[in-house]
1. Once both labels are modelled 7 Å past Cα along the beta-carbon direction, what's the Asn208-Asp191 spacing in nm?
2. Going by Cα centres, the range 48-92 and the range 102-181 are how many Å apart?
3. Please give the contour-minus-distance gain from Glu25 to Ser69: 0.36 nm per residue of separation, less the Cα-Cα distance, rounded to one decimal in nm.
4. Translational D (Stokes-Einstein, µm²/s) of the range 255-320 at 4 °C and 1.567 mPa s when Rh comes from the Kirkwood sum over C-alpha pairs?
5. How large a share of the accessible area of the range 87-150, in percent, is made up of carbon and sulfur atoms when the probe is 1.4 Å and the other protein chains stay in place?
6. For the chain, with only Lys/Arg (+1) and Asp/Glu (-1) charged at the beta-carbon, what is the dipole magnitude about the Cα centre, in debye rounded to 20?
7. Along Cα→Cβ, 7 Å out, is where each label goes; now give me the distance between the ones at Val297 and Ala32 in nm to one decimal.
8. Quick test of the membrane-span-like rule: which DSSP H helices of the chain reach at least 15 Å along their long axis (C-alpha atoms) with mean Kyte hydropathy at least 0.5?
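The values are calculated or read from the model by the stated rules, or taken from the named source; none is laboratory data. Predicted model only: the values in this text are computed from it and were never measured. Don't worry about glycine lacking a Cβ; one is built from the backbone with ideal geometry, like all the others, and counts go over all protein chains shown. When the accessible area is computed, the model is the full protein with side chains, heavy atoms only, and any ligands, DNA or RNA have been set aside. Shrake-Rupley method; radii C 1.70, N 1.55, O 1.52, S 1.80 Å.
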Amino acid sequence: MAEPRAATIDGKLAEEFAVPSHAEEAREEMAAFAGRHGAMGRRVVLITSGGTKVPLESRTVRFLDNFSSGRRGASSAEYFIESGYAVIFLHRHRSLYPYTRTYSHVNLLDTLQLQGEGGSSSSGQVVVNQQALPNIAKVLKRYQEVKEAGLLLPIEFSTLSEYLHLLKAAAQALSAIGSKAMFYLAAAVSDFYIPAPEMPEHKIQSSNGPLQISMKMVPKILSPLVKDWAPQAFVISFKLETDHSILLDKARRALDTYRHQAVVANVLDTRRGYVVVVTPETQAELILTDEDVKNEVEIEEKIVSNLTAAHGQFITQQLG
Ligand code: PMT
């Protein structure tokens, strides 16, 4: 007889992916956060963001990584907060972060100046050169308000193992608020890994010659997430391709397989200006026009607006 699905994936997670030391603490923090905001009638979105790191050795010197900057997740977090959501931001360590994201390319020391004693004293006051940080007063004000209101809970991962265990912990934490929870899975998650028991302990030696590695398929976590861990939640996955001609077909197949609410389909090169939100019944193309670009509108504003409206309808249907 086939093993139950959740038991299979839970078993695999426990045996082949090291549990991060902060998993339990993070689960408690997320549960308290969801409970607090849920009790106030607020919707909560769990955003995953950034790429996962896949180690090749257990005392890791080398790892596989991917292109994701975390920009999609970080900017979406800001738009969700503006739409009245509380946000759990499950993100890759040092990937782009809400509010600071626009300054990620800035060298901190180029934004500061020494004042007093002709600017030469090392004991003088340090002041900010606002020209080096466009809109800083506005961004700082909003960041502080959001922090004060406790609307953003950041949780970090680096490796694939950490991501998987923390996503499971998040799903368990959010299951208590039912359909008020949204999962917005924008992280670029590795499809391949080396199970912990099969990983070499020490640095792989180049003196052994060319390297051949065999990697296993990562279990599709969307399946237990939708069916077992958070069955009442509104779940959005993302689909990334480099070939536009297969994109929509892949998005539809994901919806058929996992039976969740929507897929945001995007192509690597055009992802900043074009996505398609695919649901079992609809297909919406979201495009940044030249006018949008001139007005610094971001595609994430359109994605979030589309999905928050759909989430509202979903909640109403669940209640009715
Ligand atoms: O970070 P940026 O540079 O701004 O780029 C944003 C983005 C391109 C990374 C984002 O828009 C995006 O498309 N993210 C998903 C990319 C991806 O990994 O797609 P996928 O087809 O491999 O995975 C499908 C979905 O299943 C994703 O929602 C993924 O989070 C989820 N998944 C994947 C593997 C796995 N084992 N478990 C999962 O839950």
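1. Inter-label distance under the simple model: 2.7 nm.
2. The two parts, judged by their Cα centres, are 14 Å apart.
3. 13.2 nm is the gain from fully extending Glu25 to Ser69.
4. Details: Rh = 13.1 Å.
My calculation gives 99 µm²/s for D.
5. 51
6. Values: 33 positive and 36 negative charges, 65 e Å.
Approximately 320 debye in magnitude.
7. Result: 4.1 nm between the two label points.
8. Details: long enough: 5-16 (16 Å, -0.53); 23-39 (24 Å, -0.68); 71-82 (17 Å, -0.70); 136-148 (18 Å, -0.73); 160-174 (21 Å, 0.67); 244-258 (22 Å, -0.43); 299-319 (31 Å, 0.05).
Counting only whole DSSP H runs, the qualifying helices are 160-174.
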